[in-house]
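Peer 1: Questions regarding the structure given below will be posed in turn.
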Amino acid sequence: MRVGFKGAGLALAACALATPVAAQDASILGRWRTSDQDGVVEIRRCGAAVCGYVVDAAPLRRNPSQTDVRNRDAAKRDRPLRGLRVLSNFTGGPTEWRGGPVYDPDSGQSGDRGQLTLTDPNTLEVQGCVARVFCRTQTWRRAN
């Protein structure tokens, strides 16, 4: 049987749909060095999305028991900083993901939504926004 251009296009589309989600976001997974506090955030799968967790930071090297002391919610200030989720429910790819919330333990502020943009294999632009108007962006570099 001969497959024409239309058949080949359909076959390619079917293959793309069959590609596992993990393969589509593999480039964003891993450890990223943040621009503040010499931190490291690990981005990994969390259900159908990707999330980011604090792995290391200057305050953790000084005090491994460091907690989320700057959180605006006093009830959350005793949460351990190591392992704290700072990026939640991001979907998309292969170079742009949207989700939220985004949490900054340095300031104790949360953004209700965010965007992750992989500008090259080793550079990630991380944006967090409050009320879709006030946004802040950091550049993270892939950690070795």
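Bear in mind these aren't lab numbers, they're just calculated from the coordinates by the rules spelled out. Given the structure is predicted, the values throughout are model-derived calculations rather than measurements. A quick note on method: Cβ atoms are made from the backbone with ideal geometry, for glycine too, and the neighbour counts reach across all protein chains shown.
Peer 1: Fewest to most neighbouring Cβ within 10 Å: what's the order for Val86, Val40? Mind dumping the intermediate values first?
Peer 2: On the way: Val86 22, Val40 17.
Fewest-to-most Cβ neighbours within 10 Å comes out as Val40, Val86.
Peer 1: I need the calculated FRET efficiency for the pair Thr91 and Ser27, taking r as the beta carbon distance and R₀ as 22 Å, to the nearest 0.05. Can you show the working numbers first?
Peer 2: Values: r = 14 Å, r/R0 = 0.66.
About 0.90, to the nearest 0.05.
Peer 1: I would also like to ask the following. Quick one: 3J(HN,Hα) in Hz for the range 45-62, Karplus 6.51/-1.76/1.60 with θ = phi - 60°, rounded, Gly and Pro as x.
Peer 2: With coefficients 6.51, -1.76 and 1.60, one gets 5, 9, x, 7, 10, 10, 9, x, 10, 5, 10, 7, 5, 3, x, 6, 6, 6 Hz.
Peer 1: Using θ = phi - 60° and the Karplus form 6.51 cos²θ - 1.76 cosθ + 1.60, what ³J(HN,Hα) does each residue of the range 113-127 get, whole Hz, x for Gly and Pro?
Peer 2: Those phi angles translate into 8, x, 9, 10, 10, 7, 7, 7, x, 10, 10, 10, 8, 10, 10 Hz.
Peer 1: What length, rounded to one decimal in nm, is gained on full extension from Asp112 through to Arg62, with 0.36 nm per residue of separation minus their alpha-carbon distance? Before the final figure, lay out each step's value.
Peer 2: Working: separation 50, 0.36 × 50 = 18.00 nm, distance 3.03 nm.
In short, 15.0 nm is gained.
Peer 1: Is any residue of the range 98-140 close enough, with backbone N under 11 Å, to a label point placed 7 angstrom from the Cα of Asp73 along the Cα-Cβ axis, and if so, which?
Peer 2: Answer for this model: 110.
Peer 1: Report the label-to-label distance for Ala48 and Ser35 in nanometres (one decimal), using points 7 Å from each Cα along the Cα→Cβ vector.
Peer 2: With each label point 7 Å from Cα toward Cβ, the separation is 3.3 nm.
Peer 1: Could you give each residue of the range 75-82 its phi-based ³J(HN,Hα) in whole Hz, using Karplus coefficients 6.51, -1.76, 1.60 with θ = phi - 60°, and x for Gly or Pro?
Peer 2: 5, 9, 6, 9, 5, x, 6, 5
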